[in-house]
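J.: Sending over a structure as C-alpha cells; questions will come in a sec.
Laboratory data are not the source of any read-out in this text; all were calculated from the coordinates shown. Every value quoted in this text rests on a predicted model; they were computed, and no experiment measured them.
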C-alpha cells in the first residue's frame with residue numbers, strides 16, 4: 001500500500017515522484033517524444049494546479065518534485081498524465097523511424113494492449129529540508145551519473161539550470177512553494 005494512503009496524509013505536501021516507461025525503453029531520447037512529454041506535463045500541472053519544484057526527464061523515466069495544495073490529488077494527476085502522454089506518444093511512435101521502439105511498444109499478443117508506461121509509479125512525501133535537498137540533488141545529478149552530461153545544468157530536460165544558475169529550462173519551476 002502507498003505510504004500516503006496508509007498514513008492518511010492530507011493537505012499541502014511536496015512529493016518526489018518517479019514514472020518509468022515500459023521495459024525501460026529510451027523513448028524520450030527521441031526529441032519529438034520528449035517535447036510531447038514536457039508539453040503534456042505543463043498542461044497537466046496547470047489543469048491540476050500543481051507546482052513543479054524540480055524535474056528531470058531521462059530517456060526512459062521521469063523524476064518530479066511536485067508541490068500539492070492537496071496531496072490526495074497525486075494519483076489522479078499521475079493517472080491523467082500517463083494516459084494523455086501514452087495516447088499522444090503512441091501516435092508519434094507509430095510513424096517513428098526507430099523500428100526497435102515501434103516494435104517494443106506495439107500491442108502485445110495477449111489482449112492486444114498497448115502499454116507506454118509501467119502501471120505503477122513511485123512516490124515519497126518530502127518531510128524535511130534535508131530530504132528535499134537530497135531528492136533535488138538526485139534529480140539533477142541523475143543525467144550526470146548516467147553519463148549523458150558532465151554538469152547537471154547541461155541536461156536540457158531538467159530543472160538543474162534553473163536551480164543552479166537561475167536560467168529557466170523548458171518547464172517553469174516554482175522555487176517558492178511552501179510545503180513545511
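J.: Normalising by the residue count of the chain, find the relative contact order in percent from Cα pairs under 8 Å and 6+ residues apart.
T.: 30
J.: Given the C-alpha centroids of region 119-147 and region 7-26, what is the distance between them in whole angstrom?
T.: Taking the Cα centre of region 7-26 as reference, the centre of region 119-147 is 11 Å away.
J.: Out of [x] 0.94; [y] 1.05; [z] 0.97, which label holds the value of Rg/Rh (Cα atoms, Kirkwood Rh) that was computed here?
T.: Identified label for the calculated read-out: [z].
J.: Most fluctuating residue of 164, 124, 14 in a GNM of the chain with Cα springs under 10 Å: which is it?
T.: 164
J.: Helix 74-94: angle to the longest alpha-carbon principal axis of the chain, degrees 0 to 90, nearest 10?
T.: Roughly 30 degrees between the two axes.
J.: Same structure, new question: Based on the alpha-carbon gyration tensor of region 129-180 and its eigenvalue square roots a ≥ b ≥ c, which shape applies: rounded if a/c is under 1.5, prolate if not and a/b is larger than b/c, or oblate?
T.: Here region 129-180 falls in the oblate category.
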